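S.K.: One structure, pasted below without further comment.
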Amino acid sequence: MAFAKNAERMIKMIDSLMDALIDTLKLLPYLLITFIVLEFIEHKMSHKNEEILRDNKKFGPVLGGLLGAIPQCGFSVVASNLYSGRVITIGTLIAVFLSTSDEMLPIMLSHSTDISTLFGILIFKVIVGVVVGLLVDLFLSKKIDKHEHIHELCADEHCSCDEHGIILSSIVHTLKTGFFILVANLLINFVIFKVGEDNLSNLMLNNNILTYFIASLIGLIPNCASSVIITEVYLSGLISIGTLLSGLLTGSGLGILLLFKANKNIKENIKILSIVYFTGVFVGLIVDIVL
């Protein structure tokens, strides 16, 4: 009996490690494209073109909210890097984070969830992301440093961009960031394996106001497992739609983690994290009150 349990735990551990590797490999194409764009802006665009790029960011949260709704967590990673290079605004980044859906869609489809409910959740997340993103840009964008940081990202990676050219430098950036993601994924998956998904699920079953804070906190775990746990608990009928939304709104995959790596302004990162977290708590609570 003990041997069987140990074997089962070992299999689960290996599956967890494989998931970390697969999740990292899935993100590499997004990272490569992102770094090529950043390198191109830094080395090929004229000062006038950069000004045009900056001046046309006001509707960025709308595009960010729509792209974030595509069922995978690659865009949140892309957005973190683009924001760190000041290619997109803080509101656009937050819109992507809030609308990111990663594993929620396939899980609900596998449970034959009503299509109207499924798309209602997706559309609601997009609307929240867009509205909050626009409000953040309206009130906070002028307080954020407008200086372009693309060259600083390049310098931090020590990739000798000027010597190696755009493509090779982008590959170097991608591999270094991919390694960081892999290590982070392995550590996070190991912690989740040790804590246990059942224990994380049970934290959301208090049925009081703390439930929204806990669900939003679980959603912030930089791993697709968080949305899996929250969605599965909801489909089991154990939490409300508001609690579900609290967790899904804050679930941006590895986007938050990459933000803290790429953007060196820690206070700014904490501000973004706080906006995402409390938006999840507040919106979830309001939804349950209204419904």
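The values are calculated or read from the model by the stated rules, or taken from the named source; none is laboratory data. Quantities reported herein were computed from a predicted structural model and do not represent experimental measurements. Every residue, glycine among them, receives a Cβ derived from its backbone with ideal geometry; neighbour counts consider all protein chains shown.
S.K.: Please go through (1) crowded, with 16+ Cβ neighbours inside 10 Å; (2) among the aliphatic types (A, V, I, L, M); (3) under 19 Å from residue 286 (Cβ atoms) for residue 229 and return the number of the only condition it doesn't satisfy.
M.R.: (3)
S.K.: Looking at region 78-102, which of its residues are closer than 20 Å to residue 279 by Cβ and in a loop (DSSP other than H, G, I, E, B)?
M.R.: Within region 78-102, 88, 89, 100, 101, 102 qualify.
S.K.: Suppose we filter region 3-57 for residues that are of a type in the set (D, E, K, R), in a helix (DSSP H, G or I), within 28 Å of the chain's Cα centre (by Cα) and at pLDDT 65 or above; how many remain?
M.R.: 6
S.K.: Of the residues that sit in region 58-103 and are over 13 Å from the mean Cα position of the chain (by Cα) and closer than 30 Å to residue 233 by Cβ, which one is surrounded by the fewest Cβ atoms within 10 Å (Cβ to Cβ)?
M.R.: Ranking the candidates gives 66 first.
S.K.: Follow-up question, since we're still on this one. Counting only residues that are part of a loop (DSSP other than H, G, I, E, B) and in contact (Cβ under 8 Å) with a residue 12 or more places away in the chain, which one in region 188-206 is surrounded by the most Cβ atoms within 10 Å (Cβ to Cβ)?
M.R.: Narrowing region 188-206 to residues part of a loop (DSSP other than H, G, I, E, B): 196, 203-206.
Add one more test, that the residue is in contact (Cβ under 8 Å) with a residue 12 or more places away in the chain, and what stays is 203-205.
Working: 203: 16, 204: 25, 205: 12.
If we take residues in region 188-206 being part of a loop (DSSP other than H, G, I, E, B) and in contact (Cβ under 8 Å) with a residue 12 or more places away in the chain, then 204 is surrounded by the most Cβ atoms within 10 Å (Cβ to Cβ).
S.K.: So, one more: Mind checking which residues of region 232-243 are in contact (Cβ under 8 Å) with a residue 40 or more places away in the chain and part of a helix (DSSP H, G or I)?
M.R.: Here is the first cut: in region 232-243, the ones in contact (Cβ under 8 Å) with a residue 40 or more places away in the chain are 232, 235, 240-243.
The answer is 232, 235, 241, 242, 243.
S.K.: Does residue 213 meet the test of being in contact (Cβ under 8 Å) with a residue 60 or more places away in the chain, of a type outside the set (Ser, Thr, Tyr) and part of a helix (DSSP H, G or I)? Step through it out loud before you land on a result.
M.R.: On the way: in contact (Cβ under 8 Å) with a residue 60 or more places away in the chain: yes; of a type outside the set (Ser, Thr, Tyr): yes; part of a helix (DSSP H, G or I): yes.
So residue 213 passes the test.
S.K.: Now a separate question. Go through region 255-288 and count every residue that is more than 18 Å from residue 217 (Cα to Cα) and free of Cβ contacts under 8 Å to residues at least 12 places away in the same chain.
M.R.: Residues flagged as more than 18 Å from residue 217 (Cα to Cα) and free of Cβ contacts under 8 Å to residues at least 12 places away in the same chain within region 255-288 amount to 2.
S.K.: May I ask you to say which residue of 220, 238 is hydrophobic (A, V, I, L, M, F, W, C) and surrounded by fewer than 16 Cβ atoms within 10 Å (Cβ to Cβ)? Break it down stepwise before answering.
M.R.: Details: 220 fails: surrounded by fewer than 16 Cβ atoms within 10 Å (Cβ to Cβ).
Exactly one residue qualifies, and that residue is 238.
S.K.: Let me ask something else. Taking region 258-286 only, how many residues are at pLDDT below 95 and of a type in the set (Phe, Trp, Tyr)?
M.R.: Number satisfying all stated conditions: 1.
S.K.: Right, something else. Please find, among 246, 227, 252, the residue that is within 28 Å of residue 91 (Cβ to Cβ), within 13 Å of the chain's Cα centre (by Cα), of a type in the set (Ser, Thr, Tyr) and in a helix (DSSP H, G or I). Talk me through it step by step, then tell me what you get.
M.R.: Details: 246 fails: within 13 Å of the chain's Cα centre (by Cα); 252 fails: in a helix (DSSP H, G or I).
Exactly one of 246, 227, 252 is within 28 Å of residue 91 (Cβ to Cβ), within 13 Å of the chain's Cα centre (by Cα), of a type in the set (Ser, Thr, Tyr) and in a helix (DSSP H, G or I), namely 227.
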